[in-house]
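Engineer: The structure's right below; bear with me while I get my questions together.
The values are calculated or read from the model by the stated rules, or taken from the named source; none is laboratory data. Quantities reported herein were computed from a predicted structural model and do not represent experimental measurements. Cβ atoms come from the backbone with ideal geometry, glycine included; neighbour counts cover every protein chain shown. Just so you know, the surface numbers come from the protein's heavy atoms only, side chains and all, with ligands and any DNA or RNA stripped out. Shrake-Rupley method; radii C 1.70, N 1.55, O 1.52, S 1.80 Å.
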Amino acid sequence: MRQEKPTLAAIIALALPLAGCSTPSPGTDSGPAPPTSPQEASSTAAGSSPPSQGSSAATAAETTPITIDIDGGTVTGALSSNATARSLIQQLPLTLSFRDYGGQEKIAELPEALSLDGVPAGDSAEPLTIGYYAPDQALVLYYESVGYSRGIVRIGSFDDLAAIRDQTSGFTARLAPAD
């Protein structure tokens, strides 16, 4: 009997630290997901919820619809309500010369720098993102995921990945507010 007490005590001592390491079973909520961008991290830290990825009436009201005309085809998109996007909207319509960069994005130099008021110093971008790369004063249409980089500012999205990705050489596009 004396051997059972130390063995039982040893089992309990080993099991207690592992009790908090369980994985939630499917269908249970383990709490909010961690932020995926520095902007979300700062808004979460400030006590507000991170921006949602879904569409809602509030999200639609905060965006400006645009068109991107390329070789007779039209890609639709939307620009956000941040200061950088608003300063691009003030420059529209624009005709820009795009080129491929790194097999992940199409990039065009803008005639004027965009405002960086209130935006994070950097970000990451997923396919279908319209971005501004501040160091090069460039508008960027992302067709591959890119990791975090200082200077990236997400300013909107577009809806036809193939129309952008499949441009094999330099191309000209006209960006304008949607009618």
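Engineer: Scan the range 112-147 residue by residue and report those that are charged (D, E, K, R) and in contact (Cβ under 8 Å) with a residue 60 or more places away in the chain.
Structural biologist: Hit for the range 112-147 is D123, nothing else.
Engineer: Can you tell me which residues in the range 102-113 are open to solvent by less than 30 Å² (accessible area, probe 1.4 Å) and over 13 Å from I155 (Cβ atoms)?
Structural biologist: E105, K106, I107, A108
Engineer: Kindly indicate whether S124 is over 16 Å from S81 (Cα atoms) and open to solvent by 30 Å² or more (accessible area, probe 1.4 Å).
Structural biologist: Answer is no for this residue.
Engineer: Let me ask something else. Could you list, in sequence order, the residues of the range 148-176 that are over 24 Å from E62 (Cα atoms), modelled with pLDDT of 95 or more and open to solvent by less than 50 Å² (accessible area, probe 1.4 Å)?
Structural biologist: Result: S149, A162, A163, I164, F171, A173.
Engineer: Those residues that are surrounded by fewer than 18 Cβ atoms within 10 Å (Cβ to Cβ) and more than 18 Å from L92 (Cα to Cα), I need them from the range 135-147; list them, please.
Structural biologist: Passing the criteria: P135, D136, E144, S145, G147.
Engineer: Give the residues of the range 119-134 that are polar (S, T, N, Q) and farther than 18 Å from L88 by Cβ, sorted by residue number.
Structural biologist: Result: S124, single match.
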